[in-house]
Amino acid sequence: MKPDLRSNRDFIAGLLFVVIGALAVALARDYPIGTTMRMGPGYFPTALGAILFLFGVYVLVRGLRSGEKVNGVWGARAIALIALSILLFGFLLDRAGMVPAIVVTFLVAAAAGREFRLKEAVLVAAVIAVFSVAVFSYGLKLPYPLLGSY
Amino acid sequence: MRQPLVYRLLALMLLAVAASAALAQAPYPVKPIRFIVGFPPGGTNDIVARLVAPKMSEILGQQVVVENRGGANTAIASEMFVRLPPDGYTILMNAPGHATNPWLIKLNYDSIHDFAFVTLIAESQNLLSVHPSFPPRSVKELIAFSKKHRGEINYGSSGIGTTVHLSAELFQYMTGVKWVHVAYKGGGPGLVALLSGEVSLYFGNVPTMIRQVRAGRLRGIAVSGPERSAAAPEFPTIQESGVPGYSVTTWYGLSAPAKTPRAIVDRLNDTVVKALNSPDVRSRLRDLGANGVGNTPEQYTAFIREEIDKWGKVIKAAGIKGD
Amino acid sequence: MEFLNHLAFGFGVAFSLQNLAYCFAGVALGTLIGVLPGVGPLVTIAMLFPITFHLPAVPAIIMLAGIFYGAQYGGSTTSILVNLPGETASAVTCIDGYQMARQGRAGPALATAALASFFAGCIGTLVIALAGPTLGEWALKFGAAEYTSLMLMALVASAVMTQGDAVKGLAMVVLGLIIGVVGVDVNSGMARYAFGIPELVDGIGFTVVAVGLFAVAEIVMNLESREPREVYTGKVTGLMPTARDIKDAAWPAVRGTVVGSCFGILPGTGPALSSFATYMLEKKLARDPSRFGRGAIEGVAAPEAANNAAAQTAFIPMLTLGIPASATMALMLAALTLQGIATGPQVMLEKPDLFWGLIASMWIGNCLLVVLNLPLVGLWVKLLTVPYRWLFPSIIVFCCIGNFSVNNNPFDVYLCALIGVLGYALVKLECEPAPLLLGYVLGPLLEENLRRALLLSRGDPTVFVTRPISGAFTIATVLIFIIMVVPTVRTRRRTA
């Protein structure tokens, strides 16, 4: 992609809609469509996918013509770390227990910030862990293992 | 010196037998037990579990904690359940979905051999109810009326694959009538549809329906189980009203992962039976329209097999396709 | 006149020490869980279920009800503070409430939300007392055709919701509709867009979408650049709404209450639809619609009033007809059943202490909630002064716990990460999240009812116009469409 297009806001937005719309239609092709008066399970998804595709084309073309830029920069590092922290939580909760999951998630998420100070983060993570255990495990009696699996 | 050796060997064997017997009697349970329910909180399944669990905790001396793992009509919970260690510290609440899922979705477990069935906890029935404006007053009248108006009568359900739906499908299968199915998302909307007359028929669970019937907002026709319901004694069963052999119940059962030791299965069975015998559990179950059962593991296993077979036939005949 | 006697009787019941205590416990707990994402009234009531066995019926239901409508109060708190909807209905409050918080006006926003909710709660209680059974009957007149035309009207009107680009806004609605399709199709039993993954068979949960689209996207937006970005203005301009604020918020709160009372009664739609609807209404009625989305107090007052009124009137179907409008209601109904109380059309006559006592306690609960929440405003505003580098990881942690707690399944957490990435991309590309949520909520209802209406009419489409209520909505839809399209056509002609 030309460097211009990579920061062309509506082009990318339109592209996103086009891709999702096309995927929606493609994935729905196995569902029986039926007729308008007797719709099958495939009717609605296909129609929606097609509409989204069309909207996407419109936005994409408009983006090419106006060339408006995306505001600011893409926070790739930030979103990657935040997403990773969330994934880690899901992975660790019933394998390592709630406390390790909270601490790890907190630290990885905190690393996505600009002003990451390790020692401080560990301390706050510990506080949050204690608070969470108090509220969720003792207060609401959610049956999650605190350390290790069940 | 051979005899002493033989005696020594015998002694060793006896010791080994005694030791394993002692181990089998090692106190169970020593930690809380997870009671997995395959539905999100709020459904009757969940409620029955939360009814029985505290009593079981009392009897066992350890906490029995209900854990919800909703999704795909118990399939998600079952899938995760069969991989758990068979140590008796996780038990699963079964529902009719267990018997219908094999025919509707692709499962990663064996519905019979991956489980050690403990007992059937309770059973409840559905009451075939109709909107007051709907003419038929008995099963026989219903069949006659339906044959005259083939494909014109709408019946509601709380979702495809639920006992509400399948009760109606079994009825059509056994009597040859043809109704039009209108599915709703859950029992609440289904009931509203019947009350407003949007659909004419509904096989709803007894306690919910009987309240409306006794208030005059709906008319009841017959119950779906093999025997009359204590909560709705004025209504005959469908079986005795002209459709011999018809029986649909909503049931709640208990199972453990497949290789759970027999001693633990028996202990769990015993616990449930004791819980069901306590007057407050029994009366609360009755309020929910359910009868406590508490049969043996063998009886329950046979029941599961029957259910799976029966629903397989109905689902195929009705042409219900899942995933 | 008779109802005054009933109310007096109800207050007598509700003012007992035991009932007051349980009311307070209920609303306090409700507020707390409303603040926590994911953990909602359903899980909490389920957990407390066995406790209700040992309580007499009246305090039990008072407490459970308190949890239910208390959660609405709590849900708005996180919407305003950190752009995280605690409940579906609070999603709309995020739009303007969060902006107000960023401008240092979190205090007035929270206070307005509490006061608007209180006002709506009082009126809602009156509505139940005066017109409960009548409204219950009216709700029964809503069939598939009526729901379809109502949803269609809401969808068409949703173009009003978008602040900026209308086309991208509509695209987001469609995207939301598609996300809503994931899962089992009610009418055919077929699992759509589930890729054979059992967790997707029941669809993508609200918490997953809300957290990913609103909270995660917003957090990453705040973190993306190298230069420090002040998330919340250090300059806090006071904890309470100004006189001007109250003047601006008054009528929206009233209108919100009316809309909420109406929608709450419909079994199935409830608080979410009412908050979206009032927002759109207020935006259309405002003298300067461009203020919406930038911290307009009407955008907080109206939806909050609506969702609280709806939360109160949602009890009508349960109390007067014995029909639970949602899983939470079903659980409360079961709790009552297990107490031996047959809730049905008879409950008003057979157990007046329960019915009127509950209504009176709902009013008391609303008072308690205001008393509880207003002083907390100061605390919440203080919370915003915590350094963002501590705040945002904490939010992520609580969101993860909340997401997991919905089904006790890590899959929901993983999915949330994915939606978070998508959400960030969309928000960065200036596509607004609120329309997506509207599509996500409406889509399944629209499709389900459309197909059902056609099934019931055996393929006859005129049913949408020939049935009176549906016909009214259809005409309204056409009118709204014309109103929206005509001005743009006119302006285009002028610029051409």
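Quick note: the coordinates plus some simple rules give every number you see, no bench work behind them. Computed from a predicted structure; not experimentally measured. Note: ideal-geometry Cβ built from the backbone for every residue, glycine included; neighbour counts use all protein chains shown.
Can you grab the distance from the C-alpha centre of segment B:198-222 to the C-alpha centre of segment A:40-102, Å, no decimals?
Centre-to-centre (Cα) distance: 46 Å.
Kindly write out, for segment A:20-31 in residue order, the coupling ³J(HN,Hα) from the Karplus curve 6.51 cos²θ - 1.76 cosθ + 1.60 (θ = phi - 60°), rounded to whole Hz, with x marking Gly and Pro.
5, x, 5, 4, 4, 5, 4, 5, 8, 5, 7, 8
Which of the trypsin sites (Lys or Arg not before Pro) found in segment B:190-299 are loop residues per DSSP with 13 or fewer other Cβ atoms within 10 Å of their Cβ? Provide the component values of the computation, followed by the final result.
Values: sites: B:211, B:214, B:217, B:219, B:228, B:259, B:262, B:267, B:274, B:282, B:284, B:286; in loops: B:217, B:228, B:259.
Here the trypsin sites (Lys or Arg not before Pro) that fit, given the DSSP loop and packing criteria, are B:259.
Evaluate the Debye formula for segment B:125-241 with equal point scatterers sitting on the alpha carbons, no solvent, and hand back log10 of I(q)/I(0) at q = 0.13, 0.15, 0.20, 0.23 Å⁻¹, in q order, two decimals.
For segment B:125-241, the Cα-only Debye profile gives -0.41, -0.56, -1.06, -1.48.
If r is the Cβ-Cβ distance from residue C:383 to residue A:126 and R0 is 25 Å, what FRET efficiency results, to the nearest 0.05? Intermediate values should be presented prior to the final figure.
Details: r = 19 Å, r/R0 = 0.75.
After rounding to 0.05, the efficiency reads 0.85.
Near residue B:274, which lysines are there with a Cα under 16 Å away, not counting those fewer than 8 places off in the same chain?
B:55
Give, to the nearest whole percent, the P(r) tail of segment C:359-463 beyond 23 angstrom, counting all Cα pairs.
Numbers: 3487 of 5460 pairs.
So the pairs more than 23 Å apart make up 64 percent of the total in segment C:359-463.
Within segment B:74-91, what residues put their amide N at less than 15 Å from the label point 7 Å along the Cα-to-Cβ vector of residue B:65?
Under cut-off, by backbone N: B:89-91.
If I take every Cα pair under 8 Å that is 6 or more residues apart in chain A, average their sequence separation and divide by the length, what percent do I get for the relative contact order? Present the calculation step by step, with values, prior to reporting the outcome.
On the way: 183 pairs, mean separation 31.8, N = 150.
For chain A, the relative contact order is 21 percent.
I'd like to know which of B:144, B:163, B:233 lies farthest towards the positive end of the charge dipole of segment B:125-241, counting +1 on Cβ of Lys and Arg and -1 on Cβ of Asp and Glu.
B:144
For chain C, what is the calculated [θ] at 222 nm in deg cm²/dmol (nearest 500), taking -39500 (n - 2.57) for each run of four or more DSSP H residues and dividing by its residue count? Could you put the intermediate results ahead of the total?
Values: 22 runs with 362 residues, N = 496.
So the helix-based figure for chain C works out to -24500 deg cm²/dmol.
Only loop residues by DSSP count here, and only those with at most 15 other Cβ atoms within 10 Å; note down the GluC sites (Glu not before Pro) in segment C:139-232 that meet that.
On the way: sites: C:146, C:199, C:218, C:224, C:230; in loops: C:224, C:230.
Listed in order of number, the matching sites are C:230.
If each of residue C:418 and residue A:50 carries a label point 7 Å out from its Cα toward its Cβ, how far apart are those two points in nm?
For the pair residue C:418/residue A:50, the computed spacing is 2.7 nm.
With only Lys, Arg, Asp and Glu charged, each at its Cβ (+1 for the first two, -1 for the last two), find how big the charge dipole of the protein assembly as shown is about the Cα centre; round to the nearest 20 debye. Don't skip to the answer; put the middle values down first.
Numbers: 75 positive and 58 negative charges, 280 e Å.
About 1340 debye.
Answer rounded, prolate or oblate for chain C, using the Cα gyration tensor with square roots of eigenvalues a ≥ b ≥ c: rounded when a/c is under 1.5, else prolate when a/b is larger than b/c, else oblate.
rounded
Enumerate the amide H contacts of residue B:64 below 5 Å, restricted to partners 5 or more residues apart or on another chain; note that Pro and chain-start residues carry no placed amide H.
B:33, B:57
For segment B:258-298 and segment C:25-99, what is the separation of their Cα centres, given in Å?
34 Å
Rounded to the nearest 20 Debye, what is the dipole magnitude of chain C about its Cα centre when Lys and Arg each give +1 and Asp and Glu each give -1 at the C-beta? Don't jump to the answer; show the numbers that get you there.
Values: 28 positive and 27 negative charges, 261 e Å.
Value, rounded to 20: 1260 debye.
Give the long-range amide H neighbours of residue C:192: residues separated by 5 or more places, or on another chain, with amide H under 5 Å away, using H modelled in the peptide plane at 1.01 Å from N.
Sorted by chain and number, the residues that satisfy this are C:183, C:184, C:185.
Around residue B:127, with a cut-off of 13 angstrom between Cβ atoms, what is the net charge of the other residues, counting Lys and Arg +1 and Asp and Glu -1? Write down the numbers at each step before the final one.
On the way: positive: B:211, B:214, B:219, B:228; negative: B:234.
Residues close to residue B:127 contribute a combined charge of +3.
What number in nm² do you get for the protein assembly as shown if you take the convex hull of its Cα atoms and divide its surface by four?
On the way: hull surface 181.9 nm².
The directionally averaged projection comes out at 45.5 nm².
Which is the longest run of chain C containing none of the trypsin sites (Lys or Arg not before Pro) found in DSSP loop states (not H, G, I, E, B) with at most 15 other C-beta atoms within 10 Å? The partial results should precede the final answer.
Working: sites that count: C:141, C:226, C:229, C:235, C:287, C:294, C:458.
Longest run free of exposed loop sites: C:295-457.
I want to check a number: in chain C, how many lysine pairs have alpha carbons closer than 19 Å, given a sequence separation of 8 or more or different chains? Provide the component values of the computation, followed by the final result.
Working: C:168/C:283; C:168/C:428; C:235/C:382; C:247/C:283; C:247/C:284.
Lysine pairs meeting the criterion: 5.
Say R0 is 41 Å: what FRET efficiency, to the nearest 0.05, do residue B:214 and residue C:476 get from their beta-carbon distance? Show your work: numbers first, answer last.
Working: r = 40 Å, r/R0 = 0.97.
After rounding to 0.05, the efficiency reads 0.55.
Report the Cα-based extents of segment B:49-115 along its three principal axes, largest first, to the nearest Å.
39, 23, 17
For segment C:387-399, take each phi angle, set θ = phi - 60°, evaluate the Karplus expression 6.51 cos²θ - 1.76 cosθ + 1.60, and give the result in whole Hz per residue in order, putting x for glycine and proline.
x, 4, 5, 8, 5, 5, x, 5, 4, 4, 4, 5, 5
Kindly put C:231, A:61 in sequence by how many other C-beta atoms sit within 10 Å of each C-beta, fewest to most.
Details: C:231 17, A:61 13.
Going from least to most buried by this count: A:61, C:231.
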